[in-house]
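Chemist: I am attaching a structure below and will ask some questions about it afterwards.
The values are calculated or read from the model by the stated rules, or taken from the named source; none is laboratory data. A quick note: this is a predicted structure, and the numbers were derived from the prediction, not measured. Cβ coordinates were reconstructed from backbone atoms using ideal geometry, including for glycine residues, and neighbour counts include every protein chain displayed. Accessible surface areas use protein heavy atoms only, side chains included; no ligands, DNA or RNA. Shrake-Rupley method; radii C 1.70, N 1.55, O 1.52, S 1.80 Å.
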Amino acid sequence: MNKKLTSRIGGGVALASAAALALVGCSSSGSSGGGSGTTTLKLVVADYVTSASGPSAKYWDTIISAFEKSHPDIKVDVTAIPWTNFDQQVQTMIQNKQYPDITEGDYFSNYAQDGLLYSAADVLSNPGNLLPAFKTQGTYNGTQYGMPFTTSSRTLFYNKKLFAAAGITAAPQTWADVEADAAKIKKLGKVGFGLPLGAEEAQAESYLWMLGDGGGYQTAGKYTIDSPANVTAFTFLKGLVAAGDTEPNPATVNRTDLWGQFAQGTIGMINGSPALIPIIQSAGVLKSSDWTSVPIAGKTGPLSVTLGVCDNVAAFRPNGHEAQIKEFLDFAYQDKYQLAFDKEYDLLPATTTATKALSSDTVFSPFLTALPNSVQYPSDTAWANEKTKIQQTIGTAVTGNPATVLTQLEQTATSAS
């Protein structure tokens, strides 16, 4: 497997954001380019890696090269934007009417609301092959516009060596287990539980703990961020932090940093995705027998559901390239390209056929098993801004008043809805 790490689904920064935006701004939005009778599609993708070599663009270049050979009348210009800036820069493009034809990232519902998107049925010959677990998340007003291209699910990773040294004989199944185990690991001079509530992905870590008491961001389609279950979850976390069983100041710490520390053997437990595995392997500190992953501990037992996330493809109407977009997406969604992407970034497929092809992989199988029972983030038009507010502020709930912080977030979400 590859060494690289991914963004929200697992990631970092690859290309200079200003250069990426400038490149998009220079692309033609019409049907010219490449010669008479040739249509040029503008493809804007999220870059998931930490190196400066732009591997996401290179992955897409492989597909594009093969596609253009078999479709000489269609050219594809690809621009990769660092994941951390992706939503903002695509929104800027739309505001400036520099419309892409296809995006592969996160944000789509507001564009669907504005009538800018083709539906999945418009631009895929077999939309039914997309994993059904993510259909609702990609749907706006009863129609699927967001098409998952890559997916991920979450489990609890723990360091078996530290557990043995601390006299812990079993994986944690409840919050009480997490608390007791973290305290024992702290006595070894290590971090008991890695709790990344910094801006990178606080919304994901928070959701996993909300699920632990049956909570979440919404109930029956309405925001319930300050529900009693969510307050209970953050009250528990506040106690964990106050006891020194986590790293100091979780609100300022990102997942990427803590995953690296887990790979160095200095953290006992952390919630993670398949993207953590290559980080562990590349660090060379923990052998495969030194760690494992299990269902995430909940308040009274292991979770029967977990967070499932995906990056959505969105296909834009303004340039009028429906037929060409469909040709390209049918090509790009082939199993061989799905599997190549997932092996490059240690993520999971977004189609039923590719998932079946990967089902025998012993590393990925626990995450694939979790996908059908996964829950997703809200898909309404308020979520994009609410996610940003959560990333910026929810970490303060573990040092301040959990109910106050969650109520403030609830008010902004409800108002926006």
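Chemist: Can you give the accessible area per residue of the chain, in Å², using a 1.4 Å probe?
Modeler: Values: 15700 Å² over 417 residues.
Spelled out: the 1.4 Å probe surface of the chain, per residue, equals 38 Å².
Chemist: If you filter the stretch 222-289 for trypsin sites (Lys or Arg not before Pro), then keep DSSP loop positions with at most 11 other Cβ within 10 Å, what is left? Walk me through the numbers before you get to the answer.
Modeler: Details: sites: K222, K238, R255, K287; in loops: K287.
Passing both the DSSP loop test and the Cβ count: K287.
Chemist: Between K389 and A180, how many nm apart are label points set 7 Å from Cα along the C-beta direction?
Modeler: 4.0 nm
Chemist: Shifting gears a bit: Carbon and sulfur atoms: what percent of the 1.4 Å accessible area of the chain do they account for? Intermediate values should be presented prior to the final figure.
Modeler: Working: 7960 of 15700 Å².
C and S fraction of accessible area: 51 percent.
Chemist: Using only alpha carbon pairs under 8 Å that are at least six residues apart, calculate the relative contact order of the chain and give it in whole percent. Let's see the in-between values first.
Modeler: Values: 839 pairs, mean separation 102.5, N = 417.
Reported as a whole number, the value is 25 percent.
Chemist: For A66 and A357 in the same chain, what is the full-extension length gain: residue separation times 0.36 nm, less their Cα-Cα distance, in nm? Intermediate results must be reported in sequence, preceding the final value.
Modeler: Values: separation 291, 0.36 × 291 = 104.76 nm, distance 2.18 nm.
Here the answer is 102.6 nm.
Chemist: Let me ask something else. Using mean Cβ contacts within 10 Å as the protection proxy, how do 349-360, 196-207 order, highest first? Working shown, then result.
Modeler: Numbers: 349-360: 17.8, 196-207: 23.9.
Most protected by this proxy first, the peptides run 196-207, 349-360.
Chemist: Also, I was wondering about something else. Nearest 0.05, what FRET efficiency do K58 and S365 give at R0 = 35 Å with Cβ-Cβ as r? Mind dumping the intermediate values first?
Modeler: Numbers: r = 28 Å, r/R0 = 0.80.
Using R0 = 35 Å, I get an efficiency of 0.80.
Chemist: Taking Rh as the Kirkwood radius, which is the inverse of the mean 1/r over Cα pairs, what is the Rg/Rh value for the stretch 103-169?
Modeler: Details: Rg = 19.2 Å, Rh = 14.6 Å.
Over the Cα atoms of the stretch 103-169, Rg/Rh equals 1.32.
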